[in-house]
Amino acid sequence: MRRGRIQSSASCSASSSSTFPHPSCLTSASRHCKFPRLLSPRALSVSQRVSGNCLVPETTQFSFSKQSNIITNKKHLFHAGVGALETSNTQAVSPGPLIGEEKIGVLLLNLGGPETLDDVQPFLFNLFSDPDIIRLPRLFRFLQRPLAKFISVLRAPKSKEGYASIGGGSPLRRITDAQAEELRKLLWEKNVPAKVYVGMRYWHPFTEEAIEQIKKDGIEKLVVLPLYPQFSISTSGSSLRLLESIFRDDEYLVNMQHTVIPSWYQREGYIKSMANLIEKELQKFDHPEKVVIFFSAHGVPLAYVEEAGDPYKAEMEECVDLIMEELEKRKITNAYTLAYQSRVGPVEWLKPYTDETIIDLGRKGVKSLLAVPISFVSEHIETLEEIDVEYKELALESGIQNWGRVPALGCEAMFISDLADAVIESLPYVGAMAVSNLEARQSLVPLGSVEELLATYDSQRRELPPPVTVWEWGWTKSAETWNGRAAMLAVLVLLLLEVTTGEGFLHQWGILPLFR
């Protein structure tokens with residue numbers, strides 16, 4: 001069967017196509033056309049991106065003086081440090097030799113997750129307190145935390161049920177710690193004695209805790225590596241924004257040289273690792289050639305892509321493109337499709353939606369489906385419960401008879417080794433190169449400082465317009481969005497009255513005293 005991309009009917013609306021409309025089906029030949037990317041600082045061909053070669057010599061180290069805007073060259077030295085996995089309450093695993101004069105640190109950034117059922121409500125509060133997750137109008141921003149408290153209390157019971165179904169908590173920290181330890185070992189094997197730290201955005205070990213440990217260890221050069229293959233304002237961008245605020249107020253951190261690897265979906269090791277897992281899972285079906293490969297990615301609000309230039313959608317599409325090219329080299333030519341999961345709230349998110357796409361595939365007569373969690377490198381609630389339970393049940397109800405799911409990468413050897421290579425390739429640029437130099441530098445890893453990356457990717461975040469700006473009469477998406485907006489405004493007004501008067505049904509039910 002000749003491979004083609006299956007386009008869900010749910011994605012045919014103009015609002016979902018962004019600036020890159022797809023034909024209803026992409027054949028093997030037409031799929032090689034690349035889509036433009038908004039504000040993405042890479043201009044390399046696919047063969048260059050996946051080649052694994054860095055064109056800047058490893059022996060050169062640059063330093064950048066903000067006062068004089070002068071870039072100077074220094075001989076590159078491997079940084080000294082005790083190689084160990086470090087979190088806020090984790091001790092060094094084993095000491096190692098000091099090589100060179102400076103200490104290297106690698107900071108892995110991730111979302112975080114509740115480790116027990118008691119952690120669920122405070123975790124949700126931290127999540128919804130983030131303005132990158134819930135964006136309130138400027139007039140109501142003072143209600144961000146009270147609203148986060150209100151939503152977290154309401155959602156906690158259902159969320160606890162989900163976490164209870166996967167063992168009573170998220171395995172994300174345990175898996176991320178294991179990835180950090182494997183990365184540390186491989187860096188030492190590659191003659192880079194670095195310490196590796198884990199910083200979570202919404203739960204322990206918090207990014208702030210990891211930074212404090214980095215300072216205690218005297219790290220002088222830091223590589224920041226978000227564990228999100230594709231960059232998005234709402235994931236890597238949120239973590240980088242937090243780092244920016246931490247760095248700005250700390251003299252030690254201001255003087256510590258650092259660089260960021262904002263996305264790495266195009267790297268050869270990652271692409272081949274994903275292809276290996278897909279190929280392995282396909283063999284479990286009776287007729288592997290008839291299986292539709294279903295890439296499911298975490299969604300983001302559509303306005304982030306269309307208005308703020310978030311490169312997430314374009315990077316995700318290209319990532320799928322590269323994986324399918326790798327599979328094609330192995331004579332695997334299955335049909336495939338891409339959809340987005342985990343949307344919340346009344347605003348429009350990237351389409352097609354995963355649930356709607358599954359139903360649509362069932363209607364089209366698809367009988368075998370292999371789900372691929374493309375934006376996740378660790379198992380957590382969205383893979384173990386949302387995909388494995390909710391979407392599997394939906395698929396079976398929709399007429400799909402054979403269901404499979406590719407596991408997250410976790411500590412796959414090729415994947416971790418490639419992350420180590422990405423860190424090593426970034427070392428000559430620590431504290432050196434601006435985002436404006438990225439294309440000229442022709443590096444495989446798009447590097448820059450926290451401030452520069454946020455300025456490039458995220459300059460318009462606080463000025464995002466509403467998702468729908470023109471009213472449409474009737475039962476339309478616009479009407480649904482405005483109704484949702486009106487409902488949210490009503491909730492905010494009622495919440496404000498309760499806070500100011502101290503009376504109301506939330507006080508009667510004993511919910512609002514939790515705000516104190």
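The values are calculated or read from the model by the stated rules, or taken from the named source; none is laboratory data. Since this is a predicted model, take the numbers as computed values, not measurements. Cβ atoms come from the backbone with ideal geometry, glycine included; neighbour counts cover every protein chain shown. Calculation scope for accessible area: heavy atoms of the full protein, side chains included, ligands and nucleic acids excluded. Shrake-Rupley method; radii C 1.70, N 1.55, O 1.52, S 1.80 Å.
Protection proxy ranking for 294-304, 279-289, 400-410, using the average of other Cβ atoms within 10 Å per residue and placing the highest first: 294-304, 400-410, 279-289. For segment 121-165, the residues whose backbone nitrogen is under 15 Å from a point 7 Å from the Cα of residue 244, taken along Cα to Cβ, are 131-133. Would you mind checking which residues have amide H under 5 Å from residue 341's amide H? H placed 1.01 Å from N; only 5 or more apart, or other chain. Residues meeting the criterion, in which the H sits 1.01 Å from N, are 297, 298, 299, 354.
Share of carbon and sulfur in the accessible area of segment 188-347 stands at 46%, probe radius 1.4 Å. Maximal additional length on extending the residue 116-residue 344 stretch stands at 79.8 nm, based on 0.36 nm per residue less the C-alpha distance.
Please go through the residue pairs 215/313; 190/329; 149/272; 190/313 and name each one whose alpha carbons sit more than 31 Å apart in this structure. Among 215/313; 190/329; 149/272; 190/313, the Cα-Cα distance tops 31 Å for 215/313; 149/272; 190/313. With R₀ fixed at 41 Å, the C-beta to C-beta distance from residue 144 to residue 165 puts the FRET efficiency at about 0.85. Counting other Cβ atoms within 10 Å, keep those with at most 16, restrict to DSSP loop, and tell me which trypsin sites (Lys or Arg not before Pro) in segment 149-215 are left. Here the trypsin sites (Lys or Arg not before Pro) that fit, given the DSSP loop and packing criteria, are 190. Extension gain for the segment residue 279 to residue 496, taken as residue separation times 0.36 nm less the Cα-Cα distance, is 72.7 nm to one decimal. Under 15 Å from the 7 Å Cα→Cβ point of residue 364, by amide nitrogen: which residues of segment 311-337? Residues 334-337 qualify, since their backbone N sits under 15 Å from the label point. Classify segment 151-280 as rounded, prolate or oblate, taking a ≥ b ≥ c as the square roots of the eigenvalues of its Cα gyration tensor: rounded when a/c is under 1.5, otherwise prolate if a/b is larger than b/c and oblate if not. Judged from the Cα gyration tensor, segment 151-280 comes out oblate (a/c at least 1.5, b/c at or above a/b). Taking 0.36 nm per residue of separation and subtracting the current Cα-Cα distance, fully stretching the chain between residue 411 and residue 216 would add 67.4 nm.
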